[in-house]
Amino acid sequence: MTRAVLAKPTVRAPALWPAFARSDIVAAILLVLLTTAPLSAQQVPEPRLDGAEPAVRQRLASLQADLRADPRNGDAWGRYGMALEAHTFTDEAIAAYRQAHELAPTTFRWPYLLAALIDERSAADSLPLYGAALALDPDYAPAHVRLAEALERTGQSDAADREYAQAARLDPTNAHAQAGLGRLALAGGDADAAVRYLSRARELAPENRSFAVTLAQAYARAGDRQRGQQLAAAARSLGRINYRNDPIRSSVQDLALDARSHLRRANAHRVHGELDLAERELRAGIELDPSRPELHFVLAEVLAASGDQPGSLAAARRAYELHPELEGVVPFLARALFQTGDLRSALAMAEEALQLNAGDVSMMLLVALISAERGDVVRTVEILDRAYQARPQDPPTRDGLIQLLTNVGEAMASSGLPDAAARQFEKALDLADEAGSPEAAGLRRRLAQVRR
Amino acid sequence: MGTRAPRPHPGTVAGLVLAIAPGCSAPPDSDVALAETPRAGAATVPAVRFVDVTAESGIDYVLPSGTDSTYPMPAVMGGGLAVFDADGDGDLDLYVIAPAAGGNRFYLQHEDGGFTDATTAAGLEGDGMGCAVGDLDNDGDLDLYLTRVGPDRLFLNDGKGVFADRSAAWNAAVPGWSSSASLLDYDRDGYLDIYVARYVAFDPARVCSQHGGRRDFCGPTEFEGLSDVLLHNLGGTEFEDVSAAAGINAVEDAGLGVVAADFDHDGEVDIYVANDADPNNLWIHQGGGRFLDDGVLQGSAFNRWGNSEAGMGIAAGDADLDLDLDLFVTHLITETNTYYRNLMLPGFEDATIDTELGAASLDLTGFGTAFFDADNDGDLDLAVANGAVKRRPSALPAPAGAAAPPAFWSEYAEPNVLLLNHDGRFVDASAQRPWTELGLSRALVPADLDRDGDLDLVIANLDGAPRILRNLTIDTGSASDGPKAANWLRVRAFDPRLDREAIGARITVRTPDGPRLLHALPPGSYLSAGPATAHLGLGAAESVESFDVVWPDGLVESFDGVAANQVVELIRGEGH
């Protein structure tokens, strides 16, 4: 009998340092200590804080006080380093992490966080630090991924491949490990393998734009250009920030106390469906800086997803007051107002959205819907024709347009206007045919009936 | 044979040349002091030597950024430059473009190599971001399109270096924040059209901060991106905005750099746009004036990691000598600059790692850049102008004896970089002055200012003087591959029907070391305009065997070879 074995493997050192013995671990740590000269315990790095937010100054001052009280406490140095890094005081954070690593040499997170920061400046210099960290905890898959990425950046493709594979073994749900394997396959000219790995990465993290666009490229290299184009177009709607499941690194970002960091964390929570946590972050951010329209707008989206429509509408209105041209806020408000039944305001907002973006077919449909509701047949037909001319490609919008054209056609037919009805059915049929929609057959029959 | 001698150069280049006599080693008060400690990461290689001759040039103007305590974003993004022969006297003049009101300056070069301010006489006052230079009305002189934060401006040249603002009459006042612009004749009607990259809908009321709340310049993600604009030249009389018909207004990205060239060799000119934090666009001309952004599938929109980077400047050139155009895009600190190798699949691959171009850029924010043969050894090297847009993690120390950067910019200032091509891998050759000096550099243009056969560099600096770096390769025989192995050719593709250079012409030169690809293109770089005449380093070769030219209208001609070390003009219709 065979069975899939996904159990935790025997603890072993990363492939970069094969067959590590305990003496090797000690040697690795020594190497790190030798290459990263520590500060004296009393020398607390102090960043320039003029202009910093009071909460940040207070937090850093408190951590500095802890350090002065107990300068041999490695974890206190590490916590200080995390707070510094969270507020982009990178040089000072590196110094603090070095000290933490020296004073608490068996703690995994200090060489790991140090490695990740050093990696931003020199992948080559980060390699021994990742090695030292993984010698302390060989089972932390995100560290294998980061080590693999550093190896890839330094041109060591084979070693990178081994580390990605190790990360994938440790955590088969690690999307970045799959993506790394796919990226290396693509660079090596194996487009089919690249498609396989990157498809898996995309399944695991469908919100990740980097995976989507690399997969699109792999499709094109593999000869499936049409699929690549579809994916590339879809990727445009994905956010530019890609989140990764790395609890230790994320815990650093959780410490940031400025409004933008709250927004970043809220977006990360939202991606993972943690709407209550997202809301908490957004409200904290708004308390710090109520003038940022995007905080209010994201809050509106989060509250809408949570079912709090009045709260959502209020937040969207505030975002609109602060920045009427903020991307997406006007269409959002139009839809939200429509849902509350305030058709007049919804129509005004949808028309404004069309002024900002004349090609927004979803807003054309909303205008058509409201105009039909209000009995404005001329405007309904006119805006539906405009939507038809725009020939929307995304399925929900196209299907919505087909449905609306059909409904209007039926209304006209029942009002004794067969010619006008036929024109609506013709457009609906044209779109359905183009999309290969199963609705096409029914529409064709209905059109024939109306013409008769 | 269809080639002709270039126009005579009026006089020699005494002023700049005399600063360093040929064959001399470092002068007493040297800017090329060789004993200086190399910068970390810069390898010890036989360096090409540049000397800063700004002080001798007569240019002492400090380009005003217009920055203040409100940290206005245009102040950190500006600093444009044009290097062109404005008055038709055979030497190159300078136009320095400042984001601050009234900050632009125009300098005419004299026979002795010195420059004098002729801004008012030339009618080129004002402010701006960048520019494009070319003969827009086919009257034999170079006109100037000025991009700005606000309506752009068009200046037509009277042939003597006096310009008239014809923005309104030509419908050239493109609104919004325009950055770089590129000339192309996409419809092959003989008149140069303009692609204008536009940046973001900047809102001065937006306050941005970092480092726990310290106020700083905003980044592009704080604002909506703007769609770019394609201006169709209607017979040299006015422009028509054809952005919608061309399909290029379909995306609203934060455009900063642009290069127009036939990247896939299908005979149609394409357009590559570097976007700041947005995916780069590769507008492939479908024919009939329609463009399709194929950057994602062709591997030039995102880097190897699938990330969009902070695209600033672009260098285009055949860096791997396989007869197609590769691309190099400069980026923000913590991102590498990215080298996109053209695979002609069609498509590109991110070959930054293979070419070893990553490490030299990770700690710097790159803007202007150019592929150019710094040492005339036959392959393309790179220069990058740097300077942060937000405070660096830590300020860099100014090298001993060098002037400190302006106080406001002390936490932003960075050194520029020279990277020499060694068999397809690039080696940092910036260990010595002037490369170690700190500043806020933006536009960068390679051009043979002193007409001695090697390419000098002009670099615009915010709140600093534009720096003229004179290349000493010819004077000292200091080509990195050996003494005196520094022969050269300058190739001008000229279309007599249009009375102007054939911008976009593709020239394959058969040399003893193999074929070399040249393009008659102004440098892309960043906010920059420069000569469209192509420069070819020949190393030890003393002649070339032939030229094969694909003219912009599709005509293919061959021309006989010539001896090295001259300017050669290939005239359309006179080949075989």
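The values are calculated or read from the model by the stated rules, or taken from the named source; none is laboratory data. The shown structure was predicted, so the numbers you read here are calculated from the model rather than taken from an experiment. Backbone-built Cβ (ideal geometry, glycine too); neighbour counts: all protein chains shown. Surface areas here come from the heavy atoms of the whole protein model, side chains and all, with no ligands, DNA or RNA. Shrake-Rupley method; radii C 1.70, N 1.55, O 1.52, S 1.80 Å.
Go through the range A:404-418 residue by residue and turn each phi into a ³J(HN,Hα) via Karplus (6.51, -1.76, 1.60, θ = phi - 60°); whole Hz please, and just put x for glycine and proline.
5, 4, 5, 4, 5, x, 4, 4, 5, 4, 6, 8, x, 10, x
Provide the net charge surrounding A:Ala95, with neighbours chosen by a C-beta distance below 12 Å and charges set as Lys +1, Arg +1, Asp -1, Glu -1.
After counting each charged neighbour, the total is -4.
Just subtract the alpha-carbon distance of A:Ala69 and A:Glu287 from 0.36 nm times their residue separation and send over the number in nm, one decimal. Display every interim value, and only then the final one.
Working: separation 218, 0.36 × 218 = 78.48 nm, distance 3.25 nm.
Length gained, A:Ala69 through A:Glu287: 75.2 nm.
In sequence order, what are the phi-derived ³J(HN,Hα) couplings for the range A:338-351 according to the Karplus relation 6.51 cos²θ - 1.76 cosθ + 1.60 with θ = phi - 60°, rounded to whole Hz, with x for glycine and proline?
4, 5, 7, x, 7, 5, 4, 5, 4, 5, 4, 5, 5, 5
Averaged across B:303-310, how many Cβ atoms of other chains sit within 10 Å of each residue's Cβ atom?
Per residue, the number of nearby Cβ atoms from other chains is 6 on average.
Determine the order of A:Tyr140, B:Tyr340 by accessible area, beginning with the largest, at a probe radius of 1.4 Å.
My answer, sorted largest first, is A:Tyr140, B:Tyr340.
Based on the Kirkwood radius over alpha-carbon pairs, what value in µm²/s does the Stokes-Einstein equation return for the translational diffusion coefficient of the range A:382-442 at 37 °C and 0.692 mPa s?
Taking Rh from Cα pairs, D becomes 288 µm²/s.
Pulled fully out, how much extra length does the chain show between B:Ser410 and B:Asp203, if you take 0.36 nm times their separation in residues and subtract their Cα-Cα distance?
Working: separation 207, 0.36 × 207 = 74.52 nm, distance 2.56 nm.
So the chain would gain 72.0 nm between B:Ser410 and B:Asp203.
Just to compare against my own numbers: the Cα pair-distance distribution for the range B:264-332, 5 Å bins, whole % per bin, please.
4, 17, 25, 25, 19, 9, 2, 0
Between B:Thr70 and A:Ser199, what FRET efficiency comes out of the Förster formula 1/(1 + (r/R0)^6) with R0 = 51 Å and r the beta carbon distance, rounded to 0.05?
Here the calculated transfer efficiency is 0.60.
How long is the gain from A:Arg444 to A:Gln253 if the chain were fully straight, where each residue apart is worth 0.36 nm and the alpha carbon distance is subtracted?
Difference between extended and current length: 63.1 nm.
So if I take the centroid of the Cα atoms in the range B:144-186 and the same for the range B:346-399, what is the distance between those two points in Å?
The two parts, judged by their Cα centres, are 29 Å apart.
From the square roots a ≥ b ≥ c of the eigenvalues of the alpha-carbon gyration tensor of the protein assembly as shown, which class results: rounded (a/c under 1.5), prolate (a/b over b/c), or oblate? Numbers along the way, then the final one.
On the way: a/c = 1.62, a/b = 1.12, b/c = 1.44.
In terms of gyration-tensor shape, oblate.
So if R0 is 22 Å, what FRET efficiency would B:Arg188 and B:His576 give, r being the distance between their Cβ atoms, rounded to the nearest 0.05?
Numbers: r = 22 Å, r/R0 = 1.02.
Efficiency for this residue pair is about 0.45.
Angle check, please: helix A:22-35 long axis (alpha carbons) against the longest principal axis of chain A (alpha carbons), in degrees 0 to 90, nearest 10.
Long axis of A:22-35 versus the principal axis of chain A: about 80 degrees.
Determine the total buried accessible area between chain A and chain B, counting protein heavy atoms only with a 1.4 Å probe; round to the nearest 100 Å².
Roughly 3300 Å² of accessible surface disappears when A and B pair.
Could you give the nm distance between label points at A:Thr340 and A:Glu321, where each point is 7 Å from its Cα heading toward the beta carbon?
Distance between the two pseudo-spin positions: 1.3 nm.
Using a Förster distance of 30 angstrom, determine the FRET efficiency expected from the C-beta separation of B:Ala173 and B:Arg497, and round it to 0.05.
Working from the Cβ atoms, E equals 0.50.
For the range B:291-421, compute Rg over Rh where Rg is the Cα radius of gyration and Rh is the Kirkwood radius from the inverse mean 1/r over Cα pairs.
Numbers: Rg = 15.9 Å, Rh = 15.6 Å.
Rg/Rh: 1.01.
Where does the charge balance sit around B:Thr330 when Lys and Arg score +1, Asp and Glu -1, over other residues with C-beta under 13 Å from its C-beta?
Charge balance near B:Thr330 sits at -3.
For a test of the definition: using alpha carbon positions, the gyration tensor, and the 1.5 limit on a/c, classify the range A:258-358 as rounded, prolate or oblate. Please list the in-between numbers first.
Numbers: a/c = 2.20, a/b = 1.63, b/c = 1.35.
In terms of gyration-tensor shape, prolate.
With no solvent and one equal point scatterer placed on each C-alpha of the range A:172-233, evaluate the Debye formula and give log10 I(q)/I(0) for q = 0.14, 0.16, 0.28 Å⁻¹, two decimals.
Here the Debye-derived log intensity ratios amount to -0.30, -0.39, -1.13.
For a quick check: with amide H placed at 1.01 Å from N, whose amide H comes under 5 Å from A:Ser122's, ignoring anything fewer than 5 positions away on the same chain?
none
Is the shape of the range B:478-576 best called rounded, prolate or oblate, per the rule: a/c under 1.5 gives rounded, else a/b larger than b/c gives prolate, else oblate, with a ≥ b ≥ c the square roots of the Cα gyration tensor eigenvalues?
Oblate is the answer for the range B:478-576, as a/c is 1.5 or above yet b/c matches or exceeds a/b.
Carbon-plus-sulfur fraction of the accessible area of the range B:385-483, 1.4 Å probe, in percent?
54 percent
To the nearest 10 square angstrom, how much accessible area does B:His576 have with a 1.4 angstrom probe?
B:His576 exposes around 130 Å² with every protein chain in place.
What list of ³J(HN,Hα) couplings, whole Hz, do you get for the range B:74-84 from phi and the Karplus terms 6.51, -1.76, 1.60, once you set θ to phi - 60° and write x for glycine and proline?
x, 5, 9, 9, x, x, x, 7, 10, 10, 7
Take the alpha-carbon positions of chain B, form their convex hull, and give its projected area averaged over all directions (one quarter of the hull surface) in nm².
22.4 nm²
Counting Lys +1, Arg +1, Asp -1, Glu -1, what net charge surrounds A:Gln230 among other residues with beta carbon under 12 Å of its beta carbon?
Working: positive: A:Arg225, A:Arg227, A:Arg236; negative: A:Asp224, A:Asp394.
It works out to a net charge of +1.
What distance in nm separates the two pseudo spin-label positions at A:Ser414 and A:Arg225, each 7 Å out from Cα along the beta-carbon direction?
Roughly 4.8 nm, to one decimal.
Using just the helices of chain A, give the 222 nm mean residue ellipticity in deg cm²/dmol: DSSP H runs with n ≥ 4 each add -39,500 (n - 2.57), and the total is spread over all residues, rounded to 500.
For chain A, the value works out to -23000 deg cm²/dmol.
Relative to the longest principal axis of chain A, what angle (0 to 90°, nearest 10) does the C-alpha long axis of helix A:54-69 take?
20 degrees
Enumerate the amide H contacts of B:Leu570 below 5 Å, restricted to partners 5 or more residues apart or on another chain; note that Pro and chain-start residues carry no placed amide H.
Placed amide hydrogens put B:Arg492, B:Ala493, B:Phe494 under 5 Å from B:Leu570.
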